[in-house]
Amino acid sequence: MNPTVYDVAILGSGMAGSMLGAVLARNGVKVLLIDAGVHPRFAVGESTIPYTSSLTRIIAERYEVPEIAPLASHKGIIGEISPMCGKKQNFGFVYHREGHPHDPEQINQMVIPEWQRTESHLFRQDVDAYLYHLAVRYGAVPCAGTRITGIETDPETGVVLRSDSDEEFHAKYLVDGSGFRSPVAEKFGLRDQPTRARHHSRGMFTHMVGVTPFDDAKAAQSHKKRSPWHSGTLHHVFDGGWLWVIPFDNHEHSLNSLCSVGLTLDERAFPRTGRSAQEEFDDFLRRYPEIAEQFRGATAVRPWVSTGRLQYSASDTVGERYCLTSHAAGFIDALYSRGLTNTLEVVNSLAWRLIEASRDGDWSTGRFAFIDALQQGLFDVHDVVVYCSFVAFRHYDLWNAVVRVWEATTVLPTVTLEKAYALFQDSRDDQVFRDLETRQAPGLPDPVGKDICELLTFARQTCQAVEAGTLHPAEAADRIFARIETSHCLPEPFERGDRDNKCFEATPELVDQARAWGRDKAPDHVAQLFR
Ligand SMILES: Cc1cc2nc3c(=O)[nH]c(=O)nc-3n(C[C@H](O)[C@H](O)[C@H](O)COP(=O)(O)OP(=O)(O)OC[C@H]3O[C@@H](n4cnc5c(N)ncnc54)[C@H](O)[C@@H]3O)c2cc1C
């Protein structure tokens with residue numbers, strides 16, 4: 001008997017595989033969705049950012065899968081997907097120095113304006129299962145509990161996959177969304193050895209009960225902030241690393257008492273010692289008693305996951321008849337929650353190419369070349385911003401400056417997506433989204449991508465000098481602030497060059513002022529974002 005030949009076989013039914021599977025199946029592509037495990041299953045990658053949700057909305061609308069749209073807002077998620085998810089009203093950063101009391105002035109916060117929307121803490125086991133079932137409902141053929149161990153590709157005919165129980169599957173194209181153990185990367189020797197990532201870190205993470213809001217801790221009593229820490233993703237940052245606190249219990253409709261907790265350390269300064277993650281975590285809390293207060297009654301409810309170096313990269317993410325998606329291609333660090341954003345960016349750009357290829361039968365590698373440029377660019381942007389942050393963690397002034405550089409990488413790019421979404425709603429012309437792929441900087445969208453890249457390069461060079469010991473961190477901070485102040489692409493009313501303005505919230509009044517700035521003062525290429 002002739003075997004069934006699918007258009008696209010997808011390895012991995014996480015966010016990447018399942019969302020892509022749903023989009024493709026909805027658009028008539030014959031999809032096989034394979035996973036070694038079964039849903040529901042634990043996964044990290046819980047904190048969304050506005051850029052992620054903007055992409056989610058675009059994917060839902062562009063590919064006509066309305067069931068994806070609720071994922072773009074906290075209200076939609078808890079109403080239509082899972083009340084086990086938490087809300088994220090802010091990115092909170094509290095700076096600590098070992099052996100010193102916390103200085104309440106040393107905080108930073110970016111508030112996600114409630115009038116626009118609220119981001120989410122995804123309880124991934126529910127969200128991933130939802131997307132998986134959605135893909136199957138649209139016609140993707142499920143193949144759970146099947147680990148792929150053998151892969152053969154032929155430029156003329158496609159792909160043959162073999163499972164560890166000797167089943168065989170045939171497809172014209174393979175998308176590997178299997179994460180860091182990617183069998184495609186292994187088969188084709190795609191991993192950079194060593195990774196080209198500048199940043200170094202390792203991690204340990206779990207889910208806990210009994211984590212109390214940091215707002216109740218003594219150290220937090222005189223914080224001047226706009227939004228409670230517990231209403232968002234809290235980052236405790238310190239020389240050598242950071243700790244995330246991602247509560248799922250932080251809204252009135254929550255049915256989930258869990259809190260995601262993860263400690264990320266520079267593995268050169270804090271190498272693995274053979275102790276358990278719980279012992280390492282307890283030791284960390286002894287060194288930072290003000291953070292410990294939040295964990296006094298906390299207990300891990302699942303085994304900790306403890307990793308080696310988190311960074312990995314791939315020399316190529318696209319080849320003859322295959323493509324890796326973001327998490328299979330590479331990873332930097334959970335800092336700034338860019339993993340899902342990068343994942344969805346790839347899903348969005350990959351889907352229309354696969355739909356067209358399944359219609360015209362042209363699976364040539366050149367058609368997918370942009371996906372590689374995109375993924376490499378996304379990886380490098382994230383690497384630079386996290387590298388700079390870890391250097392900056394040694395001195396608050398520098399950290400206070402670098403956090404503004406990160407803000408630059410996320411605020412205006414999100415405006416770019418929102419503008420494209422609005423244009424598409426008016427015109428229904430897919431060209432609007434294809435235009436987003438014309439970029440001067442592969443990891444950031446036009447029209448501000450190039451400006452932001454220049455700012456990133458400046459920050460990286462400045463932080464390299466600090467790391468090399470040739471520049472004092474306070475002097476480095478001055479230089480970065482001066483650079484931000486003279487940047488033509490950041491709206492003046494946002495005052496990101498003002499070091500005392502540590503809590504940023506795009507209130508309607510501030511957005512109006514930014515619009516006026518865009519109209520009257522911004523350079524032409526930036527002004528178009530505010531029209
Ligand atoms: C510690 C950590 C924290 C993170 N925090 C954040 C965050 O806060 N925000 C954010 O945006 N991103 C975060 N990320 C990134 C985020 O986790 C990923 O971007 C996201 O999970 C990628 O989804 P995915 O579907 O590609 O992979 P996954 O969710 O990992 O799914 C991969 C699937 O592939 C299957 N699979 C693996 N091997 C095989 C095989 N051989 N055959 C068949 N199936 C296979 C697995 O069973 C799994 O179901 C974090 C990542 C890490 C490591």
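The values are calculated or read from the model by the stated rules, or taken from the named source; none is laboratory data. Source: prediction; values computed, not measured. So basically every Cβ, Gly included, is an ideal-geometry build from the backbone, and we count neighbours across all protein chains shown. Ligands, DNA and RNA are excluded from the accessible area calculation, which covers all protein heavy atoms including side chains. Shrake-Rupley method; radii C 1.70, N 1.55, O 1.52, S 1.80 Å.
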CD proxy at 222 nm, helix term only [per DSSP H run n ≥ 4: -39500 (n - 2.57); per residue of the chain; nearest 500]
-12000 deg cm²/dmol
Per-peptide average of other Cβ atoms within 10 Å, ordering 278-288, 38-48 highest first:
38-48, 278-288
Straight-line reach only, C-alpha to C-alpha below 20 angstrom: list the lysines that K187 could link to, leaving out same-chain residues fewer than 8 apart.
K172
Phi to ³J(HN,Hα) by Karplus 6.51 cos²θ - 1.76 cosθ + 1.60 over the range 367-383, Hz, x for Gly, Pro
4, 9, 4, 4, 4, 5, 4, 4, 5, 5, x, 4, 4, 5, 4, 5, 4
What is the extension gain from R41 to A69, computed as 0.36 nm multiplied by their sequence separation minus the C-alpha to C-alpha distance, in nm to one decimal?
7.8 nm
Centre separation in Å (Cα based) which lies between the range 162-188 and the range 497-523
48
Of the listed pairs K75/K502; K87/K225; K450/K502; K224/K502; K30/K419; K450/K521, those with alpha carbons more than 21 Å apart are K75/K502; K450/K502; K30/K419
Degrees, to the nearest 10: 396-427 long Cα axis against longest axis of the chain
40
Taking the highest mean first, how do the peptides 485-492, 512-519, 90-97 order by number of other beta carbon atoms within 10 angstrom per residue?
90-97, 485-492, 512-519
With Cα atoms, 0 to 90° folded angle of helix 449-467 axis to the chain main axis:
60
Quick check: at a probe of 1.4 Å, how many percent of the accessible area of the chain sits on carbon and sulfur atoms?
49
The answer for the net charge of residues other than E509 whose Cβ lies under 15 angstrom from its Cβ, with Lys and Arg +1 and Asp and Glu -1, is -3
Let a ≥ b ≥ c be the square roots of the eigenvalues of the Cα gyration tensor of the range 372-531; is it rounded (a/c under 1.5), or, if not, prolate (a/b larger than b/c) or oblate?
oblate
